[in-house]
Amino acid sequence: MANSFVFSSESVGEGHPDKVADLISDSVLDACLAVDKTSRVACETLVKSNAVVLAGEITIPKIGRKPIDSVINVGTVVRDAIREIGYVNEDDVFHADKVFIHNLLTTQSPDISQGVDARKVKGKKTAEQGAGDQGLMFGYACNETPELMPTPVMFAHRLGRELTAIRKSGRVNWLRPDAKSQVSVRYEDGAPVEVVNVVISTQHTESVSHAEIESFLIKNVIEKVIPAKLLNRRSEFLINPTGRFVVGGPQGDSGLTGRKIIVDTYGGWGRHGGGAFSGKDPSKVDRSAAYMARWVAKTIVASGLSTIAELQVAYAIGHPKPVSVFVDTFETGRVPDELIALAVQEVFSFKPADIVRQLDLLRPIYRQTTNYGHFGKTGLSWEVTNRSAALKAAVKKLGA
């Protein structure tokens with residue numbers, strides 16, 4: 001008898017309040033890195049009604065003790081991010097040109113800084129760059145999709161992208177920025193066989209009927225994105241299931257940076273260490289080591305060593321080496337997991353400074369990661385598999 005189950009994953013649109021906050025935080029990060037690639041940034045954002053609150057710690061070594069506003073117009077960065085999302089309608093309470101911005105950013109704690117800096121200080125056991133915090137990070141990959149990502153979350157992201165593309169093209173005038181998508185996929189013996197249901201909730205104007213929204217989205221979004229072979233008469237489409245979604249965005253709900261960490265990663269399929277990404281420079285291993293773990297997990301699968309791979313790496317604050325590296329292929333590995341883990345540590349360096357170097361992370365690249373997941377996209381250094389041959393060679397050598 002086939003092992004059958006249904007798994008669901010969600011995604012959110014660029015105008016979802018939490019993603020508005022994420023994009024603002026990543027926009028501030030990119031602006032700082034454009035001024036000085038060694039900037040230390042931890043920027044948190046809260047959005048609600050017509051207000052934006054920025055809090056956190058930023059140090060830009062290039063400008064010394066000068067305030068951040070001497071080189072970066074934070075207000076312009078915030079408003080440009082909101083405008084790009086599409087909050088520019090005159091009936092929006094949350095509007096790019098009308099929001100009130102409260103800037104509570106300070107400099108980084110010197111106690112944290114000395115742990116991260118590549119220098120010797122009293123009480124620190126090494127002069128190497130250390131991790132910006134303790135914690136554990138996970139990376140995951142599987143061979144279900146071309147992106148080597150789980151099927152449900154990739155479909156949910158694709159629905160969101162298509163919906164946003166239609167809205168920004170002006171093809172219809174009733175779509176508004178806030179939106180969510182969710183896809184439930186039935187698996188049999190580990191393989192996706194059908195889409196059981198699709199949920200799309202999208203903000204809209206008063207002028208459009210629910211029937212028009214439903215008909216348009218089924219035809220122009222769902223049936224365009226979901227492969228026909230995975231849809232059947234049993235597939236259920238739930239479009240704006242509350243019946244109305246006019247009040248949305250930060251007017252309808254508050255938004256916070258880092259509150260969509262499952263959307264940002266593997267849709268709940270792969271494990272998560274709990275750390276958020278947006279607004280953090282790569283000295284924060286919450287972000288950089290999660291990217292590293294994805295790179296390694298994807299390389300394991302791309303090399304043919306397994307069809308599924310999950311990697312966990314853990315750190316102590318101020319310490320330059322991970323305290324553990326663990327590989328699990330869920331019994332799909334062609335060689336023992338212990339051997340793959342040894343080979344991984346021979347081919348890749350997990351020291352925070354080396355992660356930054358290997359993935360070229362000291363660049364203003366983070367706004368492109370904010371929406372529709374940080375993984376499974378082209379053009380990102382942690383999505384390449386250029387070390388597959390080296391990893392296979394290491395496994396062969398260590399297993400000889």
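Quick note: the coordinates plus some simple rules give every number you see, no bench work behind them. From a predicted model like this one, the values you see are computed outputs, not experimental measurements. Note that we place each Cβ from the backbone using ideal geometry, even for glycine, and neighbour counts take in every protein chain shown.
Key figures
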| quantity | calculated |
| --- | --- |
| Alpha-carbon gyration tensor eigenvalues x 5, square-rooted, for the stretch 292-347, Å | 21, 10, 9 |
| Dipole-positive endmost among ASN220, ALA276, SER8 within the chain (Cβ charges, Cα centre) | ALA276 |
| Debye log10 I(q)/I(0) for the stretch 297-400, one point scatterer per Cα, at q = 0.11, 0.14, 0.19 Å⁻¹ | -0.37, -0.60, -1.06 |
| Dipole of the stretch 17-116, positive direction: furthest Cα of LEU104, TYR87, PRO67, with charges on the beta-carbon | PRO67 |
| Neighbourhood charge, 11 Å Cβ-Cβ cut-off, centred on PHE237 and excluding it, Lys, Arg +1 and Asp, Glu -1 | -2 |
| The chain: DSSP helices with Cα axial extent of at least 18 Å and average Kyte-Doolittle hydropathy no lower than 0.0 | 17-35, 285-302 |
| Nearest-0.05 FRET efficiency for ASN103 and ALA316, computed from C-beta distance (R0 41 Å) | 0.80 |
| Exposed GluC sites (Glu not before Pro) absent: longest stretch of the chain, with sites in DSSP loops and at most 10 other Cβ within 10 Å deemed exposed | 207-330 |
| Fully extended contour minus Cα-Cα distance, from VAL71 to THR385, at 0.36 nm per residue | 109.3 nm |
| Dipole magnitude of the stretch 275-370 about its Cα centre (Cβ charges: Lys, Arg +1; Asp, Glu -1), debye to nearest 20 | 500 debye |
| Shape category assigned to the chain from the gyration tensor of Cα positions, a/c cut at 1.5 | oblate |
| Dipole magnitude of the chain, debye to nearest 20 (Cβ charges: Lys/Arg +1, Asp/Glu -1, about Cα centre) | 1040 debye |
| Mean Cα-pair separation over length for the chain, i.e. relative contact order, pairs under 8 Å, 6 or more apart, % | 25 percent |
| Antiparallel bridges, percent of DSSP beta bridges restricted to the chain (to nearest 5) | 80 percent |
| For peptides 163-170, 197-204, sequence by mean Cβ density within 10 Å, most packed first | 197-204, 163-170 |
| Nearest-20 debye value, the stretch 17-116 charge dipole, Cβ charges on Lys, Arg, Asp, Glu | 420 debye |
| Cα gyration tensor category, rounded, prolate or oblate, for the stretch 17-116 with a/c compared to 1.5 | prolate |
